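Report on one structure; see the data block that follows.
The values are calculated or read from the model by the stated rules, or taken from the named source; none is laboratory data. As the structure is a prediction and not an experimental result, all values here were calculated from the model. All Cβ positions, even for glycine, are placed from backbone atoms using ideal geometry, and neighbour counts span all protein chains on display.
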């Protein structure tokens, strides 16, 4: 049995001047004994669960004191 796989992760679009994407595009293709196997092409939102607020939030749309964060250049 011979298997192969190729995967890539692409940061999705940024909102305005933010440095954290609102979503990622996940792509994967695999084979098993030369035949097509796994195929995946999905958009995955950049979500995190807040135990303080008891809800899900998108990190790419975070706001602090009424202003979008983080913004600016990345290293």
Query raised in the report: Name the residues in the stretch 16-42 that are closer than 19 Å to residue 5 by Cα and not in a strand (DSSP E or B), would you?
Result: 33, 34
Report task. Of the numbered conditions (1) modelled with pLDDT of 80 or more; (2) within 18 Å of the chain's Cα centre (by Cα); (3) surrounded by fewer than 13 Cβ atoms within 10 Å (Cβ to Cβ), residue 65 fails exactly one; give the number of that condition. Result -> (2)
**Report entry** Top-ranked residue of the stretch 11-42 - restricted to ones that are exposed (fewer than 11 other Cβ atoms within 10 Å of the Cβ) and touching a strand residue (DSSP E or B) at 6+ places or on another chain (Cβ under 6 Å), ranked as nearest to residue 72 (Cα to Cα)
**Finding:** 17
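Listed here are the residues, each with its yes/no results for (1) within 17 Å of residue 69 (Cα to Cα); (2) without any contact (Cβ under 8 Å) to a residue 24 or more places away in the chain; (3) out of contact with any helix residue (DSSP H, G or I) (no Cβ under 7 Å at 6 or more places or on another chain).
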residue: 6; (1), (2), (3): no, no, yes
residue: 18; (1), (2), (3): yes, no, no
residue: 30; (1), (2), (3): no, no, yes
residue: 44; (1), (2), (3): no, yes, yes
residue: 50; (1), (2), (3): yes, yes, yes
Requested in this report: Quick one: count up the residues across the stretch 43-75 that are part of a strand (DSSP E or B) and touching a strand residue (DSSP E or B) at 6+ places or on another chain (Cβ under 9 Å).
Outcome: 13
